[in-house]
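Q: One structure, pasted below without further comment.
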Amino acid sequence: MAKSGYPAGFVQDKIKEARNLHQKGRIAQAKVLYEEILKVQPGNPDMLHLLGLIAAQTRNFRHAVDLIEKAIQIRPDHAVYYCTRGKALKELGQLKDALASFDRAIAIKPDYAEAYFNCGVILNEMKQPVVALSCFERVIAIKPDHAEALFNRGFTLHMLKQPAAAIASYDRAIAIQPNYADAYVNRGVVLKELKQFDAAIASLDQAIAIRPDFAEAYSNRGLAQNERKHWGSALDSFDQAIVIKPNYAEAYSNRGIALYGLRKTDAALASFDRAIALAPDYAEAYSNRGLVLCELKQLESARASLKKAIALKPDYAEAYVNLGLVLKKQGKSDAALASFDRAIAIKADYVEAHFNRGNILDDMTQLDAALDSYEQAMTHKPDCEFLFGTWLHMKHRLCDWQNHGETLHNFQEQIFLGKSITPAFPVLALFDFPALQRLAAEISVTAQRLPENTLGSLNRKCRNDKIRIGYYSADFHNHATAFLMAGMFESHDSSRFELIGFSFGPDKHDEMRQRIAPVFSRFIDVRNMSDCEIAMRSRELGIDIAIDLKGYTQDMRVGIFAERCAPIQVNYLGYPGTMGAPFIDYIIADRVLIPREAQQHYTEKIVYLPNSYQVNDARREISGRVFTREECGLPEEGFIYCCFNNNFKIMPEMFETWMRVLKNVPGSYLWLLEDNPTAVKNLRKEAERRGVSENRLIFAKRIPLPEHLSRHRLADVFLDTSPYNAHTTASDALWAGLPVLTCIGTSFAGRVAASLLNAIGLQELIAQTRQQYETKAIELATEPGMLAAIRKKLAQNRLTTPLFDTKLFTQKLESAYTAMYERYLADLPPENIEIF
């Protein structure tokens with residue numbers, strides 16, 4: 001090497017000075033000195049390496065690689081050079097070349113912890129977590145106090161779905177480095193996924209205490225609070241994250257979820273839009289945006305948003321489920337089913353996809369397939385919200401009573417524990433237990449996360465010329481509710497009451513729609529309006545009393561009432577039980593339905609009508625067609641018991657009673673509604689198990705109502721179900737002249753038939769116990785004089801007692817409306833009201 005011309009020791013002093021400057025972060029000055037030294041010693045590989053480090057620190061990675069490769073050419077056995085080159089190659093996205101460089105460093109220096117560490121990081125990026133884990137394990141074996149390796153080991157274990165081991169690894173990293181904020185955050189994320197939300201929030205709070213400007217910690221804390229449904233606290237967390245990091249797209253998207261949880265749909269939509277503006281390829285924001293647009297009934301826009309999410313992320317299972325929900329609301333059942341199927345193909349254990357697949361199959365009347373889907377969902381998550389009750393209700397629709405007693409016991413126990421495992425409706429059919437029904441309703445309404453009156457309070461107290469009654473339903477067409485109510489709508493006193501119909505059901509122009517719609521002063525199709533928009537429209541129209549005709553039944557829109565669409569809100573006819581909702585003021589009943597001692601089981605105040613609570617239409621047509629036994633599949637001779645209730649109302653205990661009746665009445669038959677083929681098969685099998693020939697069960701197909709009423713004449717006695725009675729079907733039978741035998745229960749749903757029989761003066765057909773019911777059923781078949789006398793009495797009472805006196809009923813109901821209204825105008829709270 002040629003002499004430099006510099007004094008002895010000068011170069012070493014310069015190297016020392018340069019490294020000192022480098023360590024202090026004075027990179028530009030260090031670089032000048034390194035370059036000066038390199039001019040003196042052009043073949044100095046260390047200077048080339050150090051200049052490469054500075055190039056990497058200033059993000060000139062390509063130049064860094066060039067410099068370090070020159071150093072390697074001079075000194076090919078120096079492990080550190082290969083490690084530095086690997087880091088620069090990684091930053092250039094050349095992961096395979098980077099990995100090869102780290103491997104070369106390890107080959108030269110087998111205990112080189114830093115090289116193993118960087119291998120692990122790259123292998124994680126290359127989606128090879130198993131190999132990455134072995135690298136981090138090697139680092140820890142060499143350096144047990146390597147906190148970063150423990151942190152990355154935890155991250156890798158999390159990827160490998162070993163959450164407990166991941167938390168243990170983060171804990172070790174924190175023990176070594178107590179202020180390791182990132183470790184606290186990742187630990188919190190794992191705890192959140194384990195549903196240990198309090199522990200997760202505590203871990204994230206610790207990260208924030210260490211680093212108050214840690215936006216990601218705030219955002220993840222918000223996610224944990226979202227999971228707890230602590231929407232307000234979550235919103236605060238996301239807002240704080242955004243203050244720290246204003247362009248934080250993920251925080252805006254998750255903020256939208258919190259706002260949606262608070263039912264602030266417009267604000268949620270704006271938050272998702274902001275996330276998309278910041279990150280135009282943010283699939284999750286598009287998916288969540290689609291869900292909110294669906295809630296707002298902007299279905300085409302929702303569909304487009306979800307399609308965009310899927311285009312950005314083709315394996316996005318959640319977006320396919322959300323798309324399926326939109327397609328379901330658009331009535332595109334086949335497309336919805338395909339969307340749920342696609343979600344399951346991507347994510348086989350996706351509970352919500354299986355659950356919603358079951359729901360769409362139910363809509364398509366593929367009940368067996370629906371049950372299979374619910375059971376798939378239960379395999380993965382048996383405590384999924386509303387799943388257990390939905391599954392059990394489907395089993396009873398199919399009359400599948402396997403493990404009935406044990407299942408009911410477990411079901412009841414879970415409800416008493418406050419678990420949101422069922423919608424409210426299935427409980428009515430399964431238990432004659434008003435306290436349990438109230439609890440199930442209260443749990444259900446809480447779990448639905450309905451809006452808390454985002455429109456503000458209603459302070460209108462001025463008296464109108466007419467009391468404006470709003471009727472809200474999806475059933476203003478050929479439906480049981482409309483069949484019962486049509487005459488009442490026509491009988492309202494138009495000089496005192498103004499009727500407004502809010503229809504959120506299908507736009508059918510059938511006979512009943514054509515009869516009902518003109519009766520209302522306004523009949524408004526609100527299908528494509530959100531709950532909030534419907535409530536706002538109701539307020540604009542000055543509705544005084546809002547009547548919910550759906551409750552918790554199919555196509556319900558409870559959110560309209562949660563938004564307080566009227567100052568007085570009433571549960572009537574559609575749902576035979578308490579809604580357990582603080583925003584429903586009254587339930588319409590009678591003294592048979594809700595005895596005084598049962599009032600505690602209802603969150604509403606009770607309006608007692610004097611006869612039966614159930615309206616009936618005295619104009620209901622009975623076809624003149626005369627059916628023969630043969631064409632209905634009935635034997636030419638023999639006593640015909642019938643029950644045309646839906647199959648889910650048939651409980652094993654009542655079926656057992658029916659079979660004993662058939663055994664005690666030779667030549668008798670039981671005529672049931674054919675709801676679905678599986679129920680037919682199961683009921684016949686259950687009859688055989690009880691020693692009754694399956695041929696003694698005969699099934700009636702559904703036919704138009706006037707003809708169905710006519711064929712009632714072929715039956716001798718209608719046997720009611722318990723604990724969920726015949727309601728409209730009992731009125732059908734009595735209107736057609738067929739006696740109904742019931743066993744009165746303790747719940748609303750189990751006392752309706754008794755209410756009807758009381759109003760028509762046939763109290764002798766109300767059994768107080770199951771044994772009385774069984775005895776009476778046998779007597780009616782074996783003592784012809786008794787049945788003849790009852791039939792004669794029914795014929796006499798049919799048009800002379802209150803049950804089918806539509807005008808009288810309407811007058812009493814109007815008195816109830818007036819009493820509610822006067823209390824409101826007098827600034828009195830809702831109270832029990834009795835009409836005489």
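Q: By how many degrees, between 0 and 90 and to the nearest 10, does the Cα long axis of helix 95-108 differ from the longest principal axis of the chain?
A: 50
Q: So what is log10(I(q)/I(0)) for the range 334-378 at q = 0.21 1/Å, when the Debye sum runs over its Cα atoms only?
A: Results for the range 334-378 at q = 0.21 Å⁻¹ read -0.55.
Q: Direction-averaged shadow area of the convex hull around the Cα atoms of the range 10-214, nm²?
A: Dividing the Cα hull surface by four gives the mean projection, 12.6 nm².
Q: Something else: With all distinct Cα pairs included, what does the Kirkwood hydrodynamic radius of the range 291-397 come out to in Å, to one decimal, could you say?
A: Taking the inverse mean of 1/r over all distinct Cα pairs, the range 291-397 comes out at 13.8 Å.
Q: Let me ask something else. Residue 307: which aspartates and glutamates have alpha carbons under 14 Å from its alpha carbon, excluding same-chain residues fewer than 8 sequence positions away?
A: Within the straight-line cut-off, residue 307 pairs with 281, 284, 315, 318.
Q: Give me the Å³ per residue figure for the convex hull around the C-alpha atoms of the range 549-609.
A: 75
Q: Compute the whole-percent fraction of alpha carbon pairs in the range 675-772 spaced more than 17 Å apart.
A: Value for the range 675-772 (Cα pairs over 17 Å): 59 percent.
Q: Now a separate question. How big is the shadow of the Cα convex hull of the chain, averaged over all directions, in nm²?
A: Result: 43.0 nm².
Q: Ordered by packing density, taken as the mean number of other Cβ atoms within 10 Å over each peptide's residues, highest first, how do 322-331, 344-353 rank?
A: Highest mean packing first, the order is 322-331, 344-353.
Q: Using 20 Å as the Cα-Cα cut-off, could you pick out the over-long pairs in 195/395; 663/776; 229/329?
A: Violating the 20 Å Cα-Cα cut-off are 195/395; 229/329.
Q: Go through 472, 574, 545 and say which Cα lies farthest out towards the positive end of the charge dipole of the range 467-609; charges sit on Cβ, +1 for Lys and Arg, -1 for Asp and Glu.
A: 545
Q: In debye, nearest 20: dipole of the chain around its Cα centre with unit charges on the Cβ of K, R (+) and D, E (-)?
A: For this selection, approximately 1600 debye.
Q: Ok, one more. To check you understand DSSP bridge types, tell me what percent of the beta bridges within the range 639-804 (both residues inside) are antiparallel, rounded to 5.
A: The antiparallel proportion sits near 0 percent.
Q: Which of 627, 489 comes first, and how do the rest follow, when ranked by fewest Cβ neighbours within 10 Å?
A: The fewest-first ordering by Cβ neighbours comes to 627, 489.
Q: Output the peptides 740-753, 63-76 sorted from most to least packed, where packing is the average of other Cβ atoms within 10 Å over each peptide's residues.
A: Answer by packing, highest mean first, reads 740-753, 63-76.
Q: Would you calculate a helix-derived [θ] at 222 nm for the chain, using -39,500 (n - 2.57) for each DSSP H run of n ≥ 4 and dividing by the full residue count, to the nearest 500?
A: Here the helix-only value at 222 nm equals -17500 deg cm²/dmol.
Q: Return, ordered by residue number, the residues of the range 47-73 whose backbone nitrogen is under 14 Å from a label point located 7 Å along Cα→Cβ of residue 27.
A: Under cut-off, by backbone N: 50-65.
Q: Related question: Can you put 468, 702, 85 in order, fewest other beta carbons within 10 Å first?
A: Final ranking by Cβ density, sparse to dense: 702, 468, 85.
Q: Quick one: if you stick a label point 7 Å off each Cα along the C-beta vector at residue 77 and residue 775, how many nm between them?
A: In this crude spin-label approximation the distance works out to 10.8 nm.
Q: What's the exposure ranking of 526, 321, 626, going from fewest to most Cβ atoms within 10 Å?
A: 626, 526, 321
Q: Rounding to the nearest 10 and keeping the result within 0 to 90°, find how far the Cα-based axis of helix 387-397 lies from the longest principal axis of the chain.
A: Helix 387-397 and the main axis of the chain meet at about 30 degrees.
Q: Hey, what's the Kirkwood Rh for the range 639-804 if you take every pair of different alpha carbons, in angstrom?
A: For the range 639-804, the Kirkwood estimate is 15.8 Å.
Q: With charges only on Cβ, +1 for K and R and -1 for D and E, what is the dipole size of the range 639-804 about its Cα centre, in debye, rounded to 20?
A: Its charge dipole is roughly 140 debye.
Q: Could you order the peptides 152-165, 707-720, 36-49 from most to least packed, using the average number of other C-beta atoms within 10 Å per residue?
A: 707-720, 152-165, 36-49
Q: Which one, 710, 727, 772, is farthest towards the positive end of the dipole of the range 639-804 when Lys and Arg carry +1 and Asp and Glu -1 on their Cβ?
A: Checked the options; the winner is 710.
Q: Then there's this: Which residue, 353, 330, 218, has the largest displacement toward the positive end of the dipole of the chain when charges sit on each Cβ (Lys, Arg +1; Asp, Glu -1)?
A: 218
Q: State the three equivalent ellipsoid semi-axes of the range 467-609, derived from the C-alpha gyration tensor as the square roots of 5 times its eigenvalues, in descending order and whole Å.
A: In descending order, the three semi-axes are 23, 17, 15 Å.
Q: Residue-wise, which Karplus ³J(HN,Hα) couplings in Hz belong to the range 733-738, taking 6.51 cos²θ - 1.76 cosθ + 1.60, θ = phi - 60°, and x for glycine or proline?
A: Couplings: 4, 5, 5, 7, x, 9 Hz.
Q: What is the local net charge at residue 620, summed over the other residues whose Cβ is closer than 13 Å to its Cβ (Lys, Arg +1; Asp, Glu -1)?
A: That works out to -3.
Q: OK, next. As I understand it, the value is the acute angle between the Cα axis of helix 129-142 and the longest principal axis of the Cα atoms of the chain; what does it come to in degrees, rounded to 10?
A: Approximately 50 degrees, to the nearest 10.
Values quoted throughout were computed directly from the atomic coordinates according to the rules given, and no laboratory measurement underlies them. Predicted model only: the values in this text are computed from it and were never measured. We place every Cβ from the backbone using ideal geometry, glycine too, and count neighbours over all the protein chains shown.
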